[in-house]
Every structure is written in C-alpha cells, then in structure tokens.
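**Student:** Structure incoming, see below.
The values are calculated or read from the model by the stated rules, or taken from the named source; none is laboratory data. Keep in mind it's a predicted model, so treat the numbers as computed, not measured. Cβ: placed from backbone, ideal geometry, glycine included. Neighbour counts: every protein chain shown.
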Ligand code: ATP
Ligand code: MG
Ligand code: MG
C-alpha cells in the first residue's frame, strides 16, 4: 500500500511516520519535496509543480490513494489526480475550505451558528457593512490565510479605506469580533462509505494569531461537546469528506458554540493524539486511506500540546532533558520567529 501526499510540511511528515507503522509507504509530491519535513521521512518524493500534468499523472500511477496535507491545492491539480485515483479529502471539502465565505455559508445553511459576516469586494462595501455592524470586526482575506496572516482588526472609527487597501485583496470577509470565552476544535475521521468517528475535543489558546497550546479532552459542558460533535458530523457528511477534518469554534459565555473555520486535514490542535490517544489523528487518517477500520479514540488522562516556534528553540535542550515530555521536531532548518518547528506533548492529569 502506498499513499500519495501532496505537500511537504510537518503534517505530511507525521502522516508518513504513522503510515509506516502500519506497513504503508508514503510518496510525497510538492514543488519543494526534497529537503522538506515530509520528504525526509517518505519512501519516495516527486519534486514538481502542482500544474505539471505529466508529473501528476506519473505520481497518481505510482500510488494507491492520494491525500493532501494542505487545503490550498489548486482545483485543477485535484481534477487531474481524481481521474486516476481516489483523492482525500475530496474535491468538495477542499473547494469549500479554500474560501471563507463558502465555508461559513455552508455552516449557516446547515444550521450551525457563525459570527455575522459580509463578503467585501471593495472599500465602499466595507463602509456599508461596518455601518451595519457598528462594533469591532475582523477583516480576513477569503483565501490562502493561515496562522492569522492576511487579517486586520478594525473598529467603527478605523480608517476603513486604509484597512481594506492594506490586505491587498478584493476578496475579503468582514466578521463581527466575537468576545469568546474559549476556543475549541473538533476532529472527525470519515471513511469512503460514510462511517465516521469523532475525537475528544481540544481547547485552544492562540498567541499573535498562531496556535500556542491545546488541552484535551476539553473540559466543556456536555451540551457543547454534543453541539460541536454534531456540527462536525453534519459538515463532513455535507462535504462527503474522505479523510479527516477539523472544525474550529468559538465558545461564548461558556455555553454557545460558533463556527470559525474548517480544515480538511490533520490539525495542529490534535497533535496531542500522538501520545494521548489510543489512535493518533495521523494513524486514523492512514487507516481511512488504506480502508482499514477506525482505531479507538479513547484517551489516557488529559494532555497538553505546546507548539515550538522558531523563538522557542532555545528551550529544546531543557525539554529534551525533562521526564514525561514528548518532544517532536520537524527537522526544519531556519528557526524564524512564528515558524512552527515542532511541538511537545505532556500528560497533565492521569
Ligand atoms: P489557522 O492557522 O487556524 O488556519 P487562520 O489564519 O485561518 O488560522 P482564523 O482561525 O480565522 O485564521 O483566526 C485566527 C485566530 O484569530 C482565531 O483562532 C481567533 O483566536 C482569532 N479570531 C479569528 N476570527 C475571530 C473573530 N471573528 N472574533 C474573535 N477572534 C477571532
Ligand atoms: Mg485557517
Ligand atoms: Mg484558524
């Protein structure tokens, strides 16, 4: 069994490692597949552009099934690959997750609450929407944003023309600013025949728009866990997901759950599952791709995951020397500020 992985980052690396444990090989396809976190541990790599049709067809013919470790795969790339092999997470899941208006519209249509939002395509539209919102908001480019990049926080007194211009895009979403009491994420694995399995939820803290820490299983009201679990199931069914998908939510007043975004791939807030769950998110994805049964998602106590960004790398020797801390390093060179270099997992309650 060989799984093909589009993308060469740490998610592909951790998937390739988990797959290897199940006797499954990984073949990476990316423009920078050599000298990359995923390429370093894969059985094979193809270094080619996502629009290189011949290379894509050769890649598809060399593997049994294909997945993507990032959601911004060009639609054309997927079209070509899906003519040859089954593709995870599926065209519909990728297409929806690639655009913030599409994903929020789907959530709303499924009866899942979202922050109020407006599609903004010019500065005049922003003035109109801000007059309607009349409180703090957040502007985000509709496509390609991650780790809080391509976002600006605004208030009714902000210079709206400047804020819109600074984003450098005319495809923008305005969202109301949610005074959340917590952020939670839910992760589902869904097989090609529609069976699904939801992991225990994570509670997430961000710093400067980047995930800093996750604690799981989330100590949340049963009704919130039920709402999030049902929401991620509804979304996965509507998208005919094949693979894994995370749902990021805001929680207000400790009782209301609001949709923020989906990511149809393994998610940073579930890295704790590597040691903290009977089956990690990467192993579960490998099982789904290989058409194996789901593994158990029972957990051992409560776990904490901390990201290691470039600026944290001086702490690594101490982390390596401490008992009970599982250190994961992605093998990246160039420890820049804000760049995800690794993470640690630790059990916080037995
Ligand atoms: P990711 O790296 O998770 O893909 P992203 O760049 O796609 O992130 P978001 O998840 O939309 O961006 O936003 C990043 C963080 O900014 C959120 O986790 C949250 O902490 C904050 N944030 C985003 N939107 C809102 C909002 N409407 N109200 C309050 N806070 C928000
Ligand atoms: Mg995102
Ligand atoms: Mg996010």
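**Student:** Here are 189, 231, 238, 201: which of them is within 16 Å of ligand 3 (Cβ to nearest atom), assigned by TED's automatic domain parsing to the domain that holds residue 286, at pLDDT 95 or above and in contact with a helix residue (DSSP H, G or I) (Cβ under 7 Å, 6 or more places away or on another chain)?
**Tutor:** Every option except 201 fails the conditions.
**Student:** Report those strands (runs of 3 or more DSSP E) wholly inside segment 209-284 carrying at least 1 residues which are within 30 Å of residue 337 (Cα to Cα) and away from ligand 2 (no atom under 16 Å from the Cβ).
**Tutor:** Because the criterion is at least 1 residues that are within 30 Å of residue 337 (Cα to Cα) and away from ligand 2 (no atom under 16 Å from the Cβ), the strands (runs of 3 or more DSSP E) in segment 209-284 that meet it are 210-216, 243-252.
**Student:** Give the residues of segment 205-214 that are out of contact with any helix residue (DSSP H, G or I) (no Cβ under 7 Å at 6 or more places or on another chain) and crowded, with 19+ Cβ neighbours inside 10 Å, sorted by residue number.
**Tutor:** none
**Student:** Let me ask something else. In segment 260-267, is there at least one residue being more than 16 Å from ligand 1 (Cβ to nearest atom) and assigned by TED's automatic domain parsing to the domain that holds residue 204?
**Tutor:** The answer is no, given that none of the residues of segment 260-267 is more than 16 Å from ligand 1 (Cβ to nearest atom) and assigned by TED's automatic domain parsing to the domain that holds residue 204.
**Student:** For segment 94-113, how many residues meet the condition of being more than 16 Å from ligand 3 (Cβ to nearest atom) and within 12 Å of residue 265 (Cα to Cα)?
**Tutor:** Here the count works out to 1.
**Student:** Then there's this: When segment 154-178 is examined, which residues are found to be within 16 Å of ligand 2 (Cβ to nearest atom) and within 22 Å of the chain's Cα centre (by Cα)?
**Tutor:** Scanning segment 154-178 gives 171, 172, 173, 175, 178.
**Student:** Then there is this: Can you pull out every residue in segment 285-321 that is surrounded by 11 or more Cβ atoms within 10 Å (Cβ to Cβ) and free of Cβ contacts under 8 Å to residues at least 12 places away in the same chain?
**Tutor:** The answer is 315, 320.
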